[in-house]
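Presented below is the structure to which this report refers.
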Amino acid sequence: MKKIICILLTLIMLIPTVTYGADTGNYEEILSLVKQRFSIDNSYEVFESSTQGRYGQTIYSFYWSTKGDNPKTLSVDCDENGIVRNYNSYTRNNGDSFGIKKHTPEQYRKAAQELADFVNPSLKGKIVVNEIDTIDLYGKYVFANLSYIENGITVREFAGSLSLDANDLSLRNYNFSTYKELKYPASFIDPDTAKQAYKDLFGMELVYEINYIDDVKTPVAKYVLGSNGNQYINAVDGKIYTYSARHIYNMSADSMAGSENLKSEFSEAEMKEITNINGLLSKEQIEKSLKELKILNIPKDETPYYSSLVKSQNRYIYNLGYEKYNITVDGKTGAVISFNNYSGQGDYKDTPENYAKLLAGKLFEEYKTAETENTLRLQRYVNGVKVLGDTITVSVDKETGILTNYNIAYTDAQFPSVENVITKDEALNIVFENVNYNRMYIAEINQNSISENAVMVYSFGNENFYINPYDGEFVNNFTERKVIKYNDIENHYAKNQIETLAQYGIGFETDSFNPDNFITQKDFITLLVSAFGGGQNEIYERTFVSAKNYNIIKDNERNDEAFVTRTDALVFLARANGSDKYAQLKNIWKCPFKDVTENIGHVCIMYGMGIINGDGKGNFNPDQNITKADSAIIIYNALRK
């Protein structure tokens, strides 16, 4: 995702911006500053510029390009105070970028920090590289994420990214679009006081989350943080701080939940047979009952142009599409699951709550009002516990009182008892033991401006976790990038090659590499698929399928635990890197090794590419089993070419 964002930013910067009539008083001064900072000469034949207002600040946008078949472009956004917001340099490069890069992750991190300091020297020490994204075998660029640090504390809204050329370490893209010099509070309450405030004001919330276990909806009880994503403990006064409290309701998401991700559509003939076998209401019965529901305002002469019956999670659902209405209905009970009225017409008028009562029936008793602004939103509770995802939403035209939208999400399942669970305080103490609760600055931003003062709050660095309410287990759903490290290669001759492959995710998720052990076919294929086949899978069967799809191995060759010979390794490698078809050519090879009589082409190609060597005595030892260390070396050598 980070790479996609950076690429999109790059493409955006290739397009000259539009003038919005912002103040242009510093235009020449800023242009001169930008040209000096980036050593922009007069070789560019095209120059365009614009100014725009952004969050109450003036941003100057400059764009240079050359003409011809192989143009190069350069664009820079700089604010009125000389802070560069965006930079993009583009030159067409069609070269092959596959393979191990020239530099280590630490060298890339250091180079990225130097580039960040160069772009905005006045912010040196404040804009910091906090992460280097995974280095990609296929990529031309390396991507870094930037944070803004003030008084040793991160400012949440001030962040950015940059990309640099993987070979020459030159800057390609820089983005830090939101920034302003702010006043930062220096005094604050201590962490223990903040924790107590969080416990008193928010605490933990016991909820039911609906998980899919063997494709069956299964409620699971969990303790989650009681604050929502916009609420914090103010680090200065210990009170609740709410930032940008907007009630955003994603209608499409809830509608999708209510219709349960419909699938398995049936034909007309199948629909009739299914209704007979399963005792469902027929399509005609459904249509009739819907028109008899006066609250829906469906005209008597309306006929659906589309209808379908689908099965999802052992539930049959009708979907009917009219010209200006769309409805989903439970095939067994006839209950309306979702309804949309695009006509804006009808005779029946009522309040959102009454619509919910009439359409939900007895189920309405399990729901409580959660939100009433613009759309009535009701939340379901079972055993006094919130059921995440189970909601009713109702939208009514304010002027006419006509129902425009209705959706119900209801999980029909057995909910586990919550009688013998740990307390909320116990759950929160477990959270504090496992998650850092640190200070963070927030820059308040709206469309017109950025506030002059930063707000200091206490925040959990990671909120993607929950507490098992029965045994107090802390469950972290945050998946960090796995770093492969081994404890048995420190003084080994293949240490560099093994560690370099590990940086690209090529290796084994074990503490030991066992470099001097012979490698099995299973392990060798795993390494090759990691290097050439788009990544290994946790289950080897899937890795083997990938290896087959990439023509690395054939079904009749599979022997997972067999040791791989030096010749076998080269044959598999040649198939992986695309040289196998050349190796198959006959009578063209002059082999440098006297003991090679088979697969001569494979050996010659790999020797010519510098991937393998002999034993110094004119032998290759083709039938000798290859060690894991030497396997890493030949794959490393292949990726360096």
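Exactly one of (1) in contact with a Ser or Thr (Cβ under 9 Å, 6 or more places away or on another chain); (2) closer than 30 Å to GLN313 by Cα; (3) not aliphatic (A, V, I, L, M) is unmet by GLY401. Its number?
(2)
Out of the residues in the range 311-338 that are crowded, with 20+ Cβ neighbours inside 10 Å and within 32 Å of the chain's Cα centre (by Cα), which is nearest to TYR406 (Cα to Cα)?
In this case the residue turns out to be SER338.
Which condition number in (1) buried (at least 18 other Cβ atoms within 10 Å of the Cβ); (2) in a strand (DSSP E or B) is the one that ILE149 fails?
Among (1) buried (at least 18 other Cβ atoms within 10 Å of the Cβ); (2) in a strand (DSSP E or B), the lone unmet condition for ILE149 is (1).
Going by the conditions given, is ASP580 within 14 Å of LEU527 (Cβ to Cβ), of a type in the set (Asp, Glu) and out of contact with any Gly (no Cβ under 8 Å at 6 or more places or on another chain)?
Spelling it out, it is not the case that ASP580 is within 14 Å of LEU527 (Cβ to Cβ), of a type in the set (Asp, Glu) and out of contact with any Gly (no Cβ under 8 Å at 6 or more places or on another chain).
For the range 121-131: of the residues being surrounded by fewer than 21 Cβ atoms within 10 Å (Cβ to Cβ) and in contact with a strand residue (DSSP E or B) (Cβ under 7 Å, 6 or more places away or on another chain), which is modelled with the lowest pLDDT?
Checking each candidate, the answer is GLU131.
Condition test on SER39, is it at pLDDT 90 or above and part of a loop (DSSP other than H, G, I, E, B)?
yes
If a residue has to be of a type outside the set (Lys, Arg), modelled with pLDDT of 85 or more and more than 12 Å from GLN503 (Cα to Cα) to count, how many in the range 94-111 make the cut?
Total satisfying the criteria: 3.
Could you list all residues from the range 57-92 that are part of a loop (DSSP other than H, G, I, E, B), more than 21 Å from ASP117 (Cα to Cα) and not small (Gly, Ala, Ser)?
Across the range 57-92, the qualifying residues are THR66, LYS67, ASP69, ASN70, PRO71, ARG92.
Report, ordered by the first and then the second residue, all pairs with beta carbons closer than 6 Å, sequence separation of six or more or different chains, a first member in the range 72-94 that is over 19 Å from GLN52 (Cβ atoms) and free of Cβ contacts under 8 Å to residues at least 40 places away in the same chain, and a second member that is surrounded by fewer than 19 Cβ atoms within 10 Å (Cβ to Cβ) and of a type in the set (Val, Ile, Thr).
LYS72/THR66; LYS72/THR91
Residues being crowded, with 17+ Cβ neighbours inside 10 Å and either among the hydroxyl-bearing types (Ser, Thr, Tyr) or in contact with an Asp or Glu (Cβ under 8 Å, 6 or more places away or on another chain) (or both): count how many of those fall in the range 446-460.
Counting residues in the range 446-460 that are crowded, with 17+ Cβ neighbours inside 10 Å and either among the hydroxyl-bearing types (Ser, Thr, Tyr) or in contact with an Asp or Glu (Cβ under 8 Å, 6 or more places away or on another chain) (or both) gives 5.
As an exercise: evaluate ILE422 against (1) out of contact with any Lys or Arg (no Cβ under 6 Å at 6 or more places or on another chain); (2) closer than 29 Å to TYR325 by Cβ and give the number of the one condition it does not meet.
Checking ILE422 against (1) out of contact with any Lys or Arg (no Cβ under 6 Å at 6 or more places or on another chain); (2) closer than 29 Å to TYR325 by Cβ, the one that fails is (2).
Test LYS222 against the stated conditions and say whether it is closer than 30 Å to TYR306 by Cβ, among the charged types (D, E, K, R), part of a strand (DSSP E or B) and modelled with pLDDT of 75 or more.
Taking the combined requirement at face value, the residue does not satisfy it.
Within the bounds of the range 3-21, is there any residue that is among the aromatic types (Phe, Trp, Tyr), modelled with pLDDT under 80 and either assigned to a loop (DSSP other than H, G, I, E, B) or under 31 Å from the mean Cα position of the chain (by Cα) (or both)?
Checked against the condition, which is being among the aromatic types (Phe, Trp, Tyr), modelled with pLDDT under 80 and either assigned to a loop (DSSP other than H, G, I, E, B) or under 31 Å from the mean Cα position of the chain (by Cα) (or both), the range 3-21 yields at least one hit.
Considering (1) assigned by TED's automatic domain parsing to the domain that holds ASN429; (2) surrounded by fewer than 17 Cβ atoms within 10 Å (Cβ to Cβ); (3) not β-branched (Val, Ile, Thr), say which one GLU490 fails and leave the rest.
GLU490 satisfies every listed condition except (1).
Here are some residues: ALA427, ALA413. Which one is modelled with pLDDT of 95 or more and either out of contact with any strand residue (DSSP E or B) (no Cβ under 8 Å at 6 or more places or on another chain) or among the aliphatic types (A, V, I, L, M) (or both)?
Just one listed residue meets the conditions, ALA427.
Which of the helices (runs of 4 or more DSSP H) contained wholly in the range 513-619 include at least 2 residues that are assigned by TED's automatic domain parsing to the domain that holds GLN503 and either touching a Cys at 6+ places or on another chain (Cβ under 9 Å) or surrounded by fewer than 17 Cβ atoms within 10 Å (Cβ to Cβ) (or both)?
Of the helices (runs of 4 or more DSSP H) lying wholly inside the range 513-619, those with at least 2 residues that are assigned by TED's automatic domain parsing to the domain that holds GLN503 and either touching a Cys at 6+ places or on another chain (Cβ under 9 Å) or surrounded by fewer than 17 Cβ atoms within 10 Å (Cβ to Cβ) (or both) span 540-549, 580-583, 600-608.
Can you pull out the residues in the range 292-308 that are surrounded by 14 or more Cβ atoms within 10 Å (Cβ to Cβ) and within 21 Å of ALA360 (Cα to Cα)?
Selection gives LEU293, ILE295, LEU296, ASN297, ILE298.
Which of the following residues is under 22 Å from LYS495 (Cα atoms) and out of contact with any His (no Cβ under 6 Å at 6 or more places or on another chain): ILE600, ILE634, ILE539?
Of ILE600, ILE634, ILE539, the one residue that is under 22 Å from LYS495 (Cα atoms) and out of contact with any His (no Cβ under 6 Å at 6 or more places or on another chain) is ILE634.
Name the residue that is farthest from the chain's Cα centre (by Cα), counting only residues in the range 355-394 that are polar (S, T, N, Q) and at pLDDT 95 or above.
Checked the range 355-394; the qualifying residue farthest from the chain's Cα centre (by Cα) is ASN383.
The values are calculated or read from the model by the stated rules, or taken from the named source; none is laboratory data. Only a predicted model underlies this, so the values are computations on that prediction, with no experimental measurement involved. Methodologically, a virtual Cβ is constructed for each residue, glycine included, from the backbone with ideal geometry; neighbour enumeration extends over all protein chains shown.
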